[in-house]
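Here's the structure, in structure tokens; my notes come after.
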There are 2 protein chains.
Amino acid sequence: MMLTRVSHFSGEDLVAAKRRATSQDVAARAGVSRTTVSLVLNGVPNVRISEKTRARVFLASQELEYYPDAAARSLVRGLTQTLGVILCQTPDRIFADAFLPEVLRGIGEAAQGNGFRVLLQSVEDITRPAAYLHLVREKRIDGIILSGPRADDQQLLRLREEGFPVVLLGQLEGSGIPFVDVDNIAGAKRGAEHLLSLGHRRIGLITNAPLHYTASAQRLLGYRQALEEWGIGFDSSLVRYGDFHEESGKKAMAQLLDLSPPPTAVFVASDLVAFGAMEAIKSGGLRIPQDTALVGFDDVPLARYVDPPLTTIRLPAYELGARAAAMLLDMIQAKKDGEGLLLDTELVVRESCGLRAREAMLIE
Amino acid sequence: MMLTRVSHFSGEDLVAAKRRATSQDVAARAGVSRTTVSLVLNGVPNVRISEKTRARVFLASQELEYYPDAAARSLVRGLTQTLGVILCQTPDRIFADAFLPEVLRGIGEAAQGNGFRVLLQSVEDITRPAAYLHLVREKRIDGIILSGPRADDQQLLRLREEGFPVVLLGQLEGSGIPFVDVDNIAGAKRGAEHLLSLGHRRIGLITNAPLHYTASAQRLLGYRQALEEWGIGFDSSLVRYGDFHEESGKKAMAQLLDLSPPPTAVFVASDLVAFGAMEAIKSGGLRIPQDTALVGFDDVPLARYVDPPLTTIRLPAYELGARAAAMLLDMIQAKKDGEGLLLDTELVVRESCGLRAREAMLIE
DNA sequence: CTGAAAGCGCTTACAG
DNA sequence: CTGAAAGCGCTTACAG
């Protein structure tokens with residue numbers, strides 16, 4: 001039996017045989033052992049290997065187009081250099097989808113920058129016992145970014161107990177699990193403040209979703225805080241509830257317009273819901289922003305395209321992904337504990353709030 | 001040295017030690033060899049193993065919560081059970097992003113149904129020599145779905161030569177590489193025919209992009225074919241060019257409206273561009289569909305939300321992903337050759353074309 | 001400064 | 001019907 005299987009093959013033979021080069025081949029060509037090849041190519045520190053030897057190894061590796069086999073490396077290292085991204089189908093899917101490409105781009109770039117890959121898994125029913133646990137058990141991933149976490153997810157709690165690195169995109173209150181999320185309170189506060197600063201005092205609120213959604217309750221809170229700081233009492237008759245969808249905004253806005261007097265401005269805590277609100281305003285023969293000023297939340301790609309372009313609070317989708325990945329990589333590589341991270345939003349002023357129109361008047 | 005390292009451990013010991021069970025552990029608990037464990041758990045056919053033995057193996061495997069190590073399995077089998085999805089940044093990113101979640105869902109479900117995983121890689125510059133080749137060389141994936149292929153991509157041609165399974169999402173004309181794409185010609189033809197059937201004879205066209213984009217040229221062709229079949233001459237003065245973005249639609253439509261007489265209907269070969277066209281029509285004081293009827297292409301999520309809701313040609317995003325994955329899996333598993341597959345579009349009638357309004361009139 | 005050898009956890013001829 | 005043994009391609013103590 002032949003122990004050093006192919007060390008007598010030349011690079012040309014390899015190509016002819018369409019066989020990938022192994023570290024054995026590189027070692028043979030460079031005239032060193034596999035140990036040395038591994039040490040050099042992985043840049044292991046505190047190892048005394050002459051520059052000449054290193055150069056020979058690098059050269060041989062290039063000539064043979066050597067790429068280390070990922071499976072072999074994973075097997076011996078116990079690490080895969082792969083992040084698992086678990087996407088859960090939640091009722092706000094339409095909303096989440098609008099940001100998915102940006103979030104994935106953020107995750108991907110942070111991962112790539114650290115030599116990691118991204119394994120993507122969409123899960124319909126996250127509470128199914130083995131929805132994504134097998135990825136961990138089969139050692140396909142070194143850590144998880146979980147989007148749309150749920151409190152009744154048993155796998156999540158179990159992985160957490162075992163100390164497996166997990167970062168949530170979104171929050172699971174009281175769970176103590178590291179997360180990256182938007183600062184919904186501050187964002188909503190800024191949105192309401194913008195309308196207040198424009199002189200509005202009777203400002204309605206249409207939530208993005210029912211209040212049992214964390215983000216929804218937080219955005220309501222931010223709106224209240226803004227009113228309070230400006231010395232304006234909270235009036236629950238000015239609050240209506242959206243449910244992620246455009247239709248709910250239409251209805252909610254119609255109700256607000258029926259009040260007497262109706263609000264002069266409305267903060268809608270979701271762009272999609274705001275699009276519905278815009279329809280209701282227009283079909284009532286009113287103008288935006290002259291009769292009803294509007295500020296949305298999220299800055300979905302289409303917010304700039306609607307008529308009038310929607311002033312809104314930008315959710316930092318790319319950064320959400322990038323920071324989640326960075327945190328997870330820290331947990332994996334530096335064995336750091338994760339934390340809870342709230343990202344700042346940004347006010348994007350377009351036409352629907354009325355600021356631009358006012359500026360134009362002042363200039364004229 | 002201990003060869004059978006832990007075969008004397010019980011399941012409880014494993015849990016206490018927080019060590020994953022190996023096939024060795026399962027073998028020990030079931031009182032058989034690792035060979036038998038592998039044969040039973042993998043359901044290898046034409047192997048005579050008693051039902052009793054099989055049952056013991058399954059039981060032991062369950063009790064120990066055994067999951068085969070993916071790296072070890074890949075190493076010996078030479079297969080990863082993983083599909084690589086490569087996303088290239090092309091100028092139509094905003095457009096492609098709108099469909100990405102659905103496409104990924106389609107790919108994911110087809111993959112999962114066959115026991116495969118999905119590795120996602122976003123690539124800014126696809127022509128960079130090692131943009132995604134390393135995934136193949138390191139044996140991280142068994143096949144590739146490439147979205148947004150380019151003719152100057154050297155890696156692609158090389159992989160193709162080597163016989164590595166690749167399916168394009170989109171086409172690379174003349175390359176002979178298997179692909180899944182939308183039937184743009186038929187789709188555009190249907191869109192134009194719809195307007196013809198509503199009585200329009202002077203129908204403008206705004207393309208989705210410059211004509212050197214395959215999809216753009218194809219959609220123009222479909223529009224021409226429809227006109228010809230209805231005996232209407234092609235009039236190039238009725239054609240304007242979009243560039244993926246909304247703004248281009250605004251300009252193009254303004255030019256069409258300046259014609260005398262202006263077209264009574266316009267087929268816009270992209271929803272996003274159509275949104276711009278809608279703005280131009282409205283800001284010109286005209287009504288949709290009474291003064292200018294409109295049909296778009298793509299059916300982006302927001303097409304139903306604009307005012308009026310846009311009649312459009314639906315691009316089957318989920319199916320695009322699912323079929324590409326299915327084809328790739330066939331190539332990997334059954335060693336089949338891939339083919340070129342054009343998926344049908346669907347006319348989605350909403351308000352902008354005028355059919356609904358006409359139906360309502362007939363009923364009244 | 002460098003190499004021989006063990007071992008990661010599987011699968012698969014091969015032998016009985 | 002079942003098991004002992006080789007081997008997939010790496011990394012990493014360990015020895016010199």
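The values are calculated or read from the model by the stated rules, or taken from the named source; none is laboratory data. Bear in mind that the values here come from a model prediction, so they are computed numbers and not experimental data. No Cβ is skipped: glycine too gets one built from the backbone with ideal geometry, and neighbour counts run over all protein chains shown. Ligands, DNA and RNA are excluded from the accessible area calculation, which covers all protein heavy atoms including side chains. Shrake-Rupley method; radii C 1.70, N 1.55, O 1.52, S 1.80 Å.
Just one of the numbered conditions (1) away from DNA strand D (no atom under 16 Å from the Cβ); (2) at pLDDT 95 or above is not true of residue A:142; which one?
So the condition that residue A:142 fails would be (1).
Being within 13 Å of DNA strand C (Cβ to nearest atom), open to solvent by 60 Å² or more (accessible area, probe 1.4 Å) and in contact with a helix residue (DSSP H, G or I) (Cβ under 7 Å, 6 or more places away or on another chain) is the filter here; which residues of the stretch B:47-97 pass it?
Matches in the stretch B:47-97: B:75 only.
How many residues does the stretch A:267-317 contain that are hydroxyl-bearing (Ser, Thr, Tyr) and touching a residue at least 40 places away in the same chain (Cβ under 8 Å)?
The number of residues fulfilling the criteria is 3.
Assess whether residue B:22 counts as being within 10 Å of DNA strand D (Cβ to nearest atom) and either modelled with pLDDT of 90 or more or open to solvent by 30 Å² or more (accessible area, probe 1.4 Å) (or both).
Taking the combined requirement at face value, the residue does not satisfy it.
Residue by residue through the stretch B:308-364, note down the ones that are closer than 23 Å to residue A:250 by Cα and open to solvent by 70 Å² or more (accessible area, probe 1.4 Å).
Selection gives B:351, B:356.
Would you confirm whether any residue within the stretch B:177-184 is buried (at least 24 other Cβ atoms within 10 Å of the Cβ) and farther than 22 Å from residue B:333 by Cα?
yes
Regarding residue A:118, is this residue surrounded by fewer than 22 Cβ atoms within 10 Å (Cβ to Cβ), among the β-branched types (Val, Ile, Thr) and farther than 22 Å from residue A:298 by Cα?
no
Scan the stretch B:214-238 for residues that are within 23 Å of residue B:300 (Cα to Cα) and surrounded by fewer than 19 Cβ atoms within 10 Å (Cβ to Cβ) and report the count.
3
With the checklist (1) crowded, with 19+ Cβ neighbours inside 10 Å; (2) touching a strand residue (DSSP E or B) at 6+ places or on another chain (Cβ under 7 Å) in hand, flag the one item residue A:155 doesn't pass.
Failing condition for residue A:155: (2).
Looking at the stretch B:109-124 only, could you name the residues that are at pLDDT 95 or above, closer than 17 Å to residue A:85 by Cα and among the small types (Gly, Ala, Ser)?
Selection gives B:111 alone.
Any residue at all in the stretch A:196-205 that is open to solvent by less than 10 Å² (accessible area, probe 1.4 Å) and more than 24 Å from residue A:261 (Cα to Cα)?
no
One line per residue, one yes/no per condition, for (1) within 11 Å of chain B (Cβ to nearest Cβ); (2) free of Cβ contacts under 8 Å to residues at least 12 places away in the same chain; (3) over 30 Å from residue A:245 (Cα atoms):
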residue: A:31; (1), (2), (3): no, no, yes
residue: A:51; (1), (2), (3): no, yes, yes
residue: A:66; (1), (2), (3): yes, no, yes
residue: A:97; (1), (2), (3): yes, yes, no
residue: A:103; (1), (2), (3): yes, no, no
residue: A:114; (1), (2), (3): no, no, yes
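Consider residue B:303 carefully, then state whether it is assigned by TED's automatic domain parsing to the domain that holds residue B:173 and surrounded by 20 or more Cβ atoms within 10 Å (Cβ to Cβ).
So residue B:303 fails the test.
If you scan the stretch A:40-52, which residues turn out to be part of a helix (DSSP H, G or I) and at pLDDT below 90?
A:51, A:52
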